Amino acid sequence: MTGSQAVLKIALAGQPNVGKSTVFNMLTGLNQHVGNWPGKTVERKEGTLLFQGRRIEIVDLPGAYGLTASSEEERIARDYIIQEKPDVVVLVANAAALDRNLYLLAELLTLPVPVTLGLNMMDVAATEGVDIMPVVLEANLGLPVTPVTAVANAGVSDLISVAVAQADDRARFHPARPELGAGLRRSANRLSKQIEKHVPRPYEAGWVALKLLEGDAEVTALARRWTPERDWRQVETLLAEQEDAALDIIGGRYLWADRMVKAAVRRPPRGEASLTERIDRVALHPIGGMAILFLALGVTFALTFTVAWPLQRILETQVILPLREFAVAALAGAPPALSHFIADAVLGGAGLVLTFLPLLLVFYAIFGFLEDTGYLARVAYLTDRFMQRIGLHGKSFLPFCLGFGCNVPAIMGARVIESPSGRLLTILLTPLVPCSARFAVLAFLAPVFFGATAIWASLGLVMLNIAVLALLGAALSHTLFRNERMSFVMELPLYHAPNPRTIGLFMWSHTWSFLRRASTMILAVSTGVWLLAYFPDGVIQTSWLAQLGQFLEPLGRLLGFDWRLTVALFTSFVAKENAIATLGVIYGADGGSLADALSHSVTIPAGLSFLVTTMLFIPCAATVSAIRQETGSRAWTLFSVGLLLLVATAGGAVSYAAAAWLLS
């Protein structure tokens with residue numbers, strides 16, 4: 001590609017936990033779009049960059065260990081490179097674990113696209129005692145190698161400059177590709193000739209032949225569809241002659257990677273513990289590790305209630321309430337319905353939910369920090385013993401961790417679990433993980449009901465959810481599911497310094513998603529609740545909403561709810577934040593602070609019951625839809641909803657009765 005005005009397309013590839021997203025964020029900043037790959041639930045990130053007057057489109061491919069389609073991420077990365085034909089692929093590798101990362105490079109070099117290598121985490125490699133000589137590695141590989149420390153924005157511009165030069169002069173790309181043994185090479189050539197007239201573009205016959213020898217199920221199915229039956233029988237005969245081809249090819253790639261790094265990398269003497277190993281002696285200790293985990297949870301709640309809660313109260317009392325008063329005064333001559341709609345539905349409902357922003361920002365800052373340092377993967381390891389007792393293993397904790405942000409991607413993340421029964425059990429239990437919306441409702445209401453003890457009450461409610469998750473998991477794994485014992489293997493990333501820019505972008509993307517919900521779904525529900533609360537005569541006590549609430553009140557009486565709390569609970573099915581929006585609309589008729597109104601009208605037993613029920617209640621509509629999509633079963637979806645409804649009702653009733661008895 002030539003011409004200063006031509007748009008260049010660059011794909012970022014890499015294994016998980018190599019800092020690829022940090023490189024992407026450094027290159028694109030806020031000029032990025034996050035969506036899903038067509039027909040998939042895997043996140044797709046695209047961004048743009050102006051470099052030396054030239055527009056560059058950058059696609060952040062899903063993290064993949066290889067290109068053999070053993071996972072959805074690997075399939076997406078491979079298909080994009082083959083079908084979209086980027087001008088160059090930038091492989092981001094972890095400099096401290098280079099030999100493992102070069103396996104993906106070995107696979108990329110089988111595709112007809114230029115590749116450049118970015119050695120990221122050079123600072124981490126130095127901390128771990130690993131000394132890398134990029135010039136030697138570049139000479140061995142026969143392709144450009146650029147040292148990068150993305151967290152410090154060091155080498156990132158050099159990386160993109162090298163990639164642009166590589167794309168503009170593809171004829172100079174002659175890498176040292178892994179070579180097949182003589183026998184395998186002959187078989188690959190014969191296979192290629194046998195199928196080449198049947199292989200459609202953009203696939204190449206040589207690559208397809210190699211994947212057939214590897215036993216790639218997806219490519220095999222495609223090749224069988226392309227190839228006539230008579231020719232396919234000959235293909236099967238050739239494949240039968242090389243039964244161990246897959247092992248030989250994979251082993252050859254690892255030997256090639258080892259050969260490439262041998263002269264270019266110097267490691268610390270054996271027996272000398274690295275920084276990561278020294279930290280993990282404490283962080284992964286059965287006792288010390290769990291103490292650190294509980295400390296992290298405690299810090300999260302402490303920061304929420306000492307930093308975020310006061311800011312939330314300031315937004316409510318110093319921003320939302322004055323705006324409501326101003327709206328009423330400014331619209332004094334307008335129809336009463338209009339002024340009430342702006343003051344109660346827009347500002348009192350959706351506007352009040354916007355005061356959650358400090359709560360969410362603190363939560364996402366802590367979550368992003370733990371993820372960026374590499375600690376979250378350790379949490380999965382620590383909890384493996386606990387997970388085994390409920391029929392799962394530590395890998396299930398990764399979706400559960402996502403669930404603290406949002407239950408929808410957490411349920412989709414259950415795909416990483418190989419066992420069908422383990423995957424289904426993880427999906428059924430995930431809604432019991434308090435998402436950020438439920439966490440925000442808890443952080444808003446706990447100080448109202450419990451005052452100075454809100455931190456401990458909130459921590460207890462989260463622990464209650466985890467305890468219920470464990471009990472339900474144990475019960476289900478010993479009844480509806482066979483309690484399979486599965487081995488748990490995962491790669492723990494090296495510890496590294498968090499990148500403020502990466503954490504900031506993580507906070508921004510999730511907060512922006514929340515703001516979009518507040519401006520659409522939550523506003524729509526607030527409007528619906530307001531319409532029911534205002535009509536037919538503008539009096540809340542005689543409104544349609546009051547009539548609906550009084551009809552449902554017998555259901556809530558067991559839990560200590562009046563009709564207002566009952567209605568708020570049911571509207572939370574659309575989105576959990578709607579519980580606060582609904583209460584804001586209902587109590588907004590009085591024109592005061594919602595927190596003050598609730599503290600005077602809701603008893604401590606009823607408040608505790610409401611929070612217990614909310615934390616255990618059926619998830620939002622989007623999560624129920626994700627359960628239906630991922631299980632592919634209406635029956636399991638209804639089972640999940642019914643089970644959680646039963647658990648939430650029982651939990652609320654017991655907590656109300658117990659609190660009322662203790663306070664009597």
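The values are calculated or read from the model by the stated rules, or taken from the named source; none is laboratory data. No experiment lies behind these values; they were computed from the predicted model shown. Positions of Cβ are generated from backbone atoms using ideal geometry, with glycine treated the same way; all protein chains shown enter the neighbour counts. Accessible surface areas use protein heavy atoms only, side chains included; no ligands, DNA or RNA. Shrake-Rupley method; radii C 1.70, N 1.55, O 1.52, S 1.80 Å.
Each residue in the stretch 362-401 was checked for being part of a helix (DSSP H, G or I) and either among the polar types (S, T, N, Q) or more than 30 Å from His478 (Cα to Cα) (or both), and 15 pass. In this structure, Gln242 qualifies as open to solvent by 20 Å² or more (accessible area, probe 1.4 Å) and closer than 30 Å to Ala221 by Cα. If you go through the stretch 191-214 and keep only what is surrounded by fewer than 16 Cβ atoms within 10 Å (Cβ to Cβ) and more than 21 Å from Pro86 (Cβ to Cβ), you end up with Lys193, Glu196, Lys197. Checking the structure you have, find out if any residue of the stretch 601-609 is out of contact with any Leu (no Cβ under 8 Å at 6 or more places or on another chain), in a helix (DSSP H, G or I) and open to solvent by less than 30 Å² (accessible area, probe 1.4 Å). No, because not a single residue in the stretch 601-609 is out of contact with any Leu (no Cβ under 8 Å at 6 or more places or on another chain), in a helix (DSSP H, G or I) and open to solvent by less than 30 Å² (accessible area, probe 1.4 Å).
Checked against the criterion of being in contact with an Asp or Glu (Cβ under 7 Å, 6 or more places away or on another chain), open to solvent by 30 Å² or more (accessible area, probe 1.4 Å) and not aromatic (Phe, Trp, Tyr), the candidates Leu275, Leu284 yield just one match: Leu275. Which of the residues belonging to the stretch 434-447 are modelled with pLDDT of 90 or more and open to solvent by 10 Å² or more (accessible area, probe 1.4 Å)? Of everything in the stretch 434-447, just one residue is modelled with pLDDT of 90 or more and open to solvent by 10 Å² or more (accessible area, probe 1.4 Å), namely Pro447. The sole residue among Ala626, Ala575, Ala568, Ala595 that is open to solvent by less than 20 Å² (accessible area, probe 1.4 Å), aliphatic (A, V, I, L, M) and outside any helix (DSSP H, G or I) is Ala575. Is it fair to say Pro134 is open to solvent by 10 Å² or more (accessible area, probe 1.4 Å), farther than 18 Å from Ala11 by Cα and in contact (Cβ under 8 Å) with a residue 12 or more places away in the chain? When the stated conditions are applied, Pro134 passes them. Among the residues of the stretch 287-314, what is the count of those that are surrounded by 14 or more Cβ atoms within 10 Å (Cβ to Cβ) and over 29 Å from the mean Cα position of the chain (by Cα)? Residues meeting the conditions: 1. Scanning the stretch 95-106 turns up one or more residues that are open to solvent by less than 40 Å² (accessible area, probe 1.4 Å) and farther than 20 Å from Pro178 by Cα. Scanning the stretch 176-187 for residues that are at pLDDT below 90 and hydrophobic (A, V, I, L, M, F, W, C), we see that the one that is least open to solvent (accessible area, probe 1.4 Å) is Leu184. Taking each residue of the stretch 491-507 that is under 9 Å from Thr373 (Cα atoms) and looking for partners that are among the acidic types (Asp, Glu) and assigned to a helix (DSSP H, G or I) with beta-carbon atoms closer than 9 Å, six or more apart or interchain, yields Tyr495/Asp280; His496/Asp123; His496/Asp372; Ala497/Asp123; Ala497/Asp372; Pro498/Glu371; Pro498/Asp372; Asn499/Asp372. Residues being open to solvent by 90 Å² or more (accessible area, probe 1.4 Å), modelled with pLDDT of 85 or more and acidic (Asp, Glu) are entirely absent from the stretch 255-264. Within the stretch 162-191, residues that are under 20 Å from Arg54 (Cβ atoms) reach partners that are among the acidic types (Asp, Glu) with beta carbons closer than 7 Å, at six or more positions or on different chains, in the pairs Ala167/Asp87. Being of a type outside the set (Gly, Ala, Ser), buried (at least 22 other Cβ atoms within 10 Å of the Cβ), part of a helix (DSSP H, G or I) and at pLDDT 80 or above is a property that does not hold for Leu424. For the stretch 23-49, the candidate set comprises residues that are at pLDDT below 85 and more than 15 Å from the chain's Cα centre (by Cα); within that set, the residue that is surrounded by the most Cβ atoms within 10 Å (Cβ to Cβ) is Gln32.
The residues in the stretch 321-346 that are open to solvent by 20 Å² or more (accessible area, probe 1.4 Å) and either in contact with a Pro (Cβ under 6 Å, 6 or more places away or on another chain) or closer than 13 Å to Leu594 by Cα (or both) can be counted, and the count is 2.
The rows are residues; the columns are (1) free of Cβ contacts under 8 Å to residues at least 40 places away in the same chain; (2) out of contact with any Pro (no Cβ under 8 Å at 6 or more places or on another chain); (3) closer than 15 Å to Thr566 by Cα.
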{"site": "Ser601", "(1), (2), (3)": "yes, yes, yes"}
{"site": "Glu630", "(1), (2), (3)": "no, yes, no"}
{"site": "Ala635", "(1), (2), (3)": "yes, yes, no"}
{"site": "Leu645", "(1), (2), (3)": "yes, yes, yes"}
{"site": "Ala648", "(1), (2), (3)": "yes, yes, yes"}
{"site": "Leu662", "(1), (2), (3)": "yes, yes, no"}
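Can you find a residue that is surrounded by fewer than 16 Cβ atoms within 10 Å (Cβ to Cβ) and at pLDDT 90 or above anywhere in the stretch 55-71? Yes: the stretch 55-71 contains one or more residues that are surrounded by fewer than 16 Cβ atoms within 10 Å (Cβ to Cβ) and at pLDDT 90 or above. Listed here are the helices (runs of 4 or more DSSP H) enclosed by the stretch 116-234 that have at least 1 residues being over 30 Å from Pro268 (Cβ atoms) and among the hydrophobic types (A, V, I, L, M, F, W, C): 156-168, 182-195, 205-214, 217-226. Out of Ala365, Ala470, Ala437, Ala443, one residue alone is of a type in the set (A, V, I, L, M), more than 19 Å from the chain's Cα centre (by Cα) and within 30 Å of Ser599 (Cα to Cα). It is Ala443.
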